[in-house]
Amino acid sequence: MNGYYYLNQNQVSSLLSILKNTRNQEEKQLLESLVYQLQNAQVDNTKYRTTAFEKLTKIDSTAVKNEELMVDEDALVSSSKTGAYVQCWVWVESDVKPKRTRKKTVKL
């Protein structure tokens with residue numbers, strides 16, 4: 001199963017203390033991942049979010065203005081030394097059934 005799980009600070013702290021003395025390799029990897037995520041959570045990614053918004057605006061300013069393309073102020077950012085991926089939203093219309101029309105009858 002893939003997806004995101006949100007934990008509050010107390011839950012993360014509890015996990016860290018539980019995993020601190022583990023000998024299990026998978027649990028060690030989980031510990032390393034949690035520590036890495038906590039360190040990256042301290043980084044201010046506002047610059048990347050702003051740049052992503054500006055880039056989307058250059059691509060299609062009308063779509064940004066109509067909120068068809070969006071970047072949340074707390075969007076996820078996956079950064080490296082050379083750049084970052086920023087979570088963005090694109091609006092997609094739902095499939096709408098065509099309206100049924102009645103046949104008009106002509107009275108003579």
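Here are some notes:
- In the range 71-101, the residues that are surrounded by 10 or more Cβ atoms within 10 Å (Cβ to Cβ) and among the β-branched types (Val, Ile, Thr): Val71, Val77, Val86
- Candidate set: the range 35-45, residues that are surrounded by 10 or more Cβ atoms within 10 Å (Cβ to Cβ), in a helix (DSSP H, G or I) and among the polar types (S, T, N, Q); chosen: the one modelled with the highest pLDDT: Gln37
- Once the range 1-34 is narrowed to residues that are part of a helix (DSSP H, G or I) and closer than 23 Å to Ala75 by Cβ, the residue that is modelled with the lowest pLDDT is Gln9.
The values are calculated or read from the model by the stated rules, or taken from the named source; none is laboratory data. Note that the coordinates shown come from a computational prediction; the quantities given were computed from them, not determined experimentally. So basically every Cβ, Gly included, is an ideal-geometry build from the backbone, and we count neighbours across all protein chains shown.
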